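Visitor: One structure, pasted below without further comment.
The values are calculated or read from the model by the stated rules, or taken from the named source; none is laboratory data. Because the structure is predicted, anything quoted here is derived from the model rather than measured. Every residue, glycine as well, gets a Cβ built from its backbone with ideal geometry; the counts of neighbours run over all protein chains shown.
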Amino acid sequence: MKYYSTNNPAASPVTLEEAVVRSLAGDRGLYMPAHIPVLDKQIIRSLGDMSFHETAGLAAQALFGEDVDRDALTAIVEDTLSFETPVVHVHDSIYSLELFHGPTLAFKDVGARFMARLLARMIRRRGIDRVVHVLVATSGDTGSAVANGFLGVEGIRVLVLYPGGKVSPIQECQFTTLGRNITALEIDGTFDDCQALVKDAFADDDLNARMQLTSANSINVARFLPQSFYYFDACAQLCRAGKAGELIVCVPSGNFGNLAAGLVAARMGLPVKHFIAANNRNRIFVDYLKTGKYVPRPSTPTIANAMDVGHPSNFARIMDLYAHDRDALSRFVSGYAYDDDEIARTMQRVFRDCGYLLDPHGACGYQALNDFRLAPHQTGLFLETAHPAKFKQTVDRILGGNIDIPPRLQAFMHGRKQSIPLGPDFAGFKAFLMENA
Ligand SMILES: *Cc1c(COP(=O)(O)O)cnc(C)c1O
């Protein structure tokens with residue numbers, strides 16, 4: 001498969017390896033697969049007969065099969081998806097796709113683990129002698145997923161940039177206590193500052209001459225595309241429950257990698273009738289759907305902090321998928337946005353009436369699906385993107401309880417925090433990289 005840049009689709013495309021190692025195209029566009037493979041209708045109809053590994057293997061084969069041989073790809077997929085992603089009934093025709101049963105209890109484990117394994121394979125085969133530096137900007141969950149996905153992988157060093165004081169203590173310890181090939185950089189700024197530092201680093205000639213840089217944010221195709229896998233399995237699970245007739249899928253969104261992957265799955269033939277993007281107060285995308293104008297803004301902190309993104313990277317991919325045609329996009333994707341009070345009320349109501357514990361991100365997804373008003377023959381599925389215990393302080397305050405922290409999360413909290421404080425200016429970050437490469 002070749003990959004082109006969203007900024008210049010007509011320019012000559014690059015290989016998978018170049019797309020993964022470079023992350024961002026030279027013109028700062030995002031890479032997209034040159035063609036999106038469409039699965040056989042017969043196969044789509046038989047999804048319900050397949051296991052998670054089988055559906056994921058099928059999607060992986062279609063997307064990466066030209067570049068990675070079958071056995072290696074099967075091993076990468078099985079190793080990536082060594083945990084469950086169950087579809088759970090909440091009430092009426094609303095279901096939750098729980099993507100939080102992986103090592104760091106959030107959906108980003110899928111893309112991060114896949115990318116770590118694919119990149120490690122590329123490094124082994126190419127015999128790259130320089131260490132590959134993976135830069136990752138995080139508003140909380142990406143850092144932990146990437147750090148844990150890449151922990152101990154030979155030939156790779158991970159630098160996690162996070163906004164100091166703006167991630168939850170549990171999130172912070174998941175990437176600041178690991179040591180080994182993981183370094184945490186505590187930036188005195190916002191998530192958008194962290195993301196800008198990473199993007200500037202890729203555009204900087206001195207740094208690129210000095211070190212091999214790549215990114216594990218959802219700008220990277222190796223993180224973004226594997227996120228399409230679980231949409232197939234969700235459909236398979238709903239098929240088995242006899243509920244996959246007309247499916248509406250709602251995705252709590254920040255940087256829009258997850259939604260973009262869902263849209264790719266739909267292009268591959270997955271029978272989804274309509275998508276919904278759920279935003280918190282950072283409603284850039286929802287406003288775009290309403291007004292046709294894309295106006296990036298500095299992000300505002302909310303209780304659904306993994307979605308506090310003011311300039312979503314994958315907007316470029318969504319525009320590309322719909323040829324910059326807002327009307328075409330809005331026929332297939334709707335948007336809703338919620339402030340913190342609305343999120344809190346949703347969490348309280350769903351817990352009281354259905355006994356289901358939502359995290360603040362999933363709550364946006366649930367509420368948007370609710371406000372969309374499903375027709376009687378439709379099934380609604382929202383992505384529950386993280387385990388509520390990752391936001392324990394917020395969840396306990398809102399629900400007046402004391403939720404248990406799963407043992408996997410507790411283990412992180414015993415480690416010692418190690419991070420390096422840096423300012424939000426590029427000069428300081430660059431100097432740090434030049435000295436420490
Ligand atoms: C990252 C994240 C999101 C947003 O996903 P995007 O792909 O960036 O839109 C939503 N919820 C949680 C818990 C996350 O960690």
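Visitor: Applying the selection to the stretch 238-260, what residues are within 13 Å of the ligand (Cβ to nearest atom) and in a helix (DSSP H, G or I)?
Guide: Going residue by residue through the stretch 238-260, those that are within 13 Å of the ligand (Cβ to nearest atom) are 250-260.
Of everything in the stretch 238-260, those that are within 13 Å of the ligand (Cβ to nearest atom) and in a helix (DSSP H, G or I) turn out to be 257, 258, 259, 260.
Visitor: Select from the stretch 112-130 the residues that are surrounded by fewer than 15 Cβ atoms within 10 Å (Cβ to Cβ) and either within 18 Å of residue 66 (Cα to Cα) or in contact with a Gly (Cβ under 6 Å, 6 or more places away or on another chain) (or both) and list them in ascending order.
Guide: Passing the criteria: 125, 126.
Visitor: Look through 209, 236, 261 and report the one residue that is at pLDDT below 95 and aliphatic (A, V, I, L, M).
Guide: 209
Visitor: Please list, ordered by residue number, the helices (runs of 4 or more DSSP H) wholly in the stretch 344-437 having 2 or more residues that are under 25 Å from residue 109 (Cβ atoms) and modelled with pLDDT under 95. Write out each step before concluding.
Guide: On the way: elements: 360-372, 392-399, 407-413, 426-436.
Fully inside the stretch 344-437 and qualifying: 392-399, 407-413.
Matching residues to (1) within 12 Å of the ligand (Cβ to nearest atom); (2) touching a Phe, Trp or Tyr at 6+ places or on another chain (Cβ under 9 Å); (3) in a helix (DSSP H, G or I):
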{"site": "227", "(1), (2), (3)": "yes, yes, yes"}
{"site": "231", "(1), (2), (3)": "no, no, yes"}
{"site": "236", "(1), (2), (3)": "no, yes, yes"}
{"site": "262", "(1), (2), (3)": "yes, yes, yes"}
{"site": "277", "(1), (2), (3)": "yes, yes, no"}
{"site": "285", "(1), (2), (3)": "yes, yes, yes"}
{"site": "300", "(1), (2), (3)": "no, no, no"}
{"site": "310", "(1), (2), (3)": "no, yes, no"}
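Visitor: When the stretch 312-325 is examined, which residues are found to be away from the ligand (no atom under 13 Å from the Cβ) and either in contact with a helix residue (DSSP H, G or I) (Cβ under 7 Å, 6 or more places away or on another chain) or modelled with pLDDT under 95 (or both)?
Guide: Listed by number, the residues that qualify are 321, 322.
Residue-wise test of (1) crowded, with 18+ Cβ neighbours inside 10 Å; (2) more than 19 Å from residue 88 (Cβ to Cβ); (3) of a type in the set (Gly, Ala, Ser); (4) within 15 Å of the ligand (Cβ to nearest atom).
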residue: 346; (1), (2), (3), (4): yes, no, no, yes
residue: 350; (1), (2), (3), (4): yes, no, no, no
residue: 355; (1), (2), (3), (4): no, no, yes, no
residue: 364; (1), (2), (3), (4): yes, no, no, yes
residue: 377; (1), (2), (3), (4): no, yes, no, no
residue: 400; (1), (2), (3), (4): no, yes, yes, no
residue: 417; (1), (2), (3), (4): no, yes, no, no
residue: 426; (1), (2), (3), (4): no, yes, no, no
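Visitor: Ok, one more. Within the stretch 81-140, count every residue that is more than 16 Å from the ligand (Cβ to nearest atom) and part of a strand (DSSP E or B).
Guide: 11
Visitor: Which number in (1) of a type outside the set (D, E, K, R); (2) within 16 Å of the ligand (Cβ to nearest atom); (3) within 17 Å of residue 416 (Cβ to Cβ) marks the one condition that residue 179 misses?
Guide: Against the list (1) of a type outside the set (D, E, K, R); (2) within 16 Å of the ligand (Cβ to nearest atom); (3) within 17 Å of residue 416 (Cβ to Cβ), residue 179 comes up short only on (2).
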